[in-house]
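Here the structure is laid out as structure tokens; the discussion comes afterwards.
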Amino acid sequence: TPVMSYPTDRSYYGVFDMAGNAREWCADWYAPDAHEQALEAFGQVPRNWKGPRKAEPQFHRVIKGSDSDWAVWSRDSASMSDRVRDVGFRCVLRVPDSDS
């Protein structure tokens, strides 16, 4: 859908379309028990954890967001060599604060 097609889909910071039409590749290796690994290693799920050190299955990265039930917290995986038509990536640009 075109950008800003859903005016009520706006974040606290005024960013539109975060629910999007695509899921996103993440840098983290995928492991089905990643949260259990973190809990075991740190005693709690750490904030901004870099993820597991190796993938299971091998070479799989995390894919997040917009599953068929629109659960934004959905977490899946695929090999980086797979072509997955509904998976993209999000670019982030740091903009200097206007007060600086």
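The values are calculated or read from the model by the stated rules, or taken from the named source; none is laboratory data. Predicted model only: the values in this text are computed from it and were never measured. Neighbour counts are summed over all protein chains in view; Cβ atoms, including those assigned to glycine, are modelled from backbone coordinates with ideal geometry. Heavy atoms of the whole protein, side chains included, go into the accessibility calculation; ligands, DNA and RNA do not. Shrake-Rupley method; radii C 1.70, N 1.55, O 1.52, S 1.80 Å.
Observations, loosely collected:
- Leading residue by the ranking (nearest to PHE89 (Cα to Cα)) among those in the stretch 19-58 that are of a type in the set (A, V, I, L, M, F, W, C) and touching a residue at least 40 places away in the same chain (Cβ under 8 Å): TRP25
- Per the conditions (1) on the phi > 0 side of the Ramachandran plot; (2) modelled with pLDDT of 80 or more, the sole criterion not satisfied by GLY20 is (2).
- Residues that are open to solvent by less than 60 Å² (accessible area, probe 1.4 Å) and either part of a strand (DSSP E or B) or not small (Gly, Ala, Ser) (or both) within the stretch 2-24 comprise ASP9, PHE16, ASP17, ARG23, GLU24, listed in sequence order.
- Scanning the stretch 50-64 turns up one or more residues that are open to solvent by less than 80 Å² (accessible area, probe 1.4 Å), at pLDDT 85 or above and basic (Lys, Arg).
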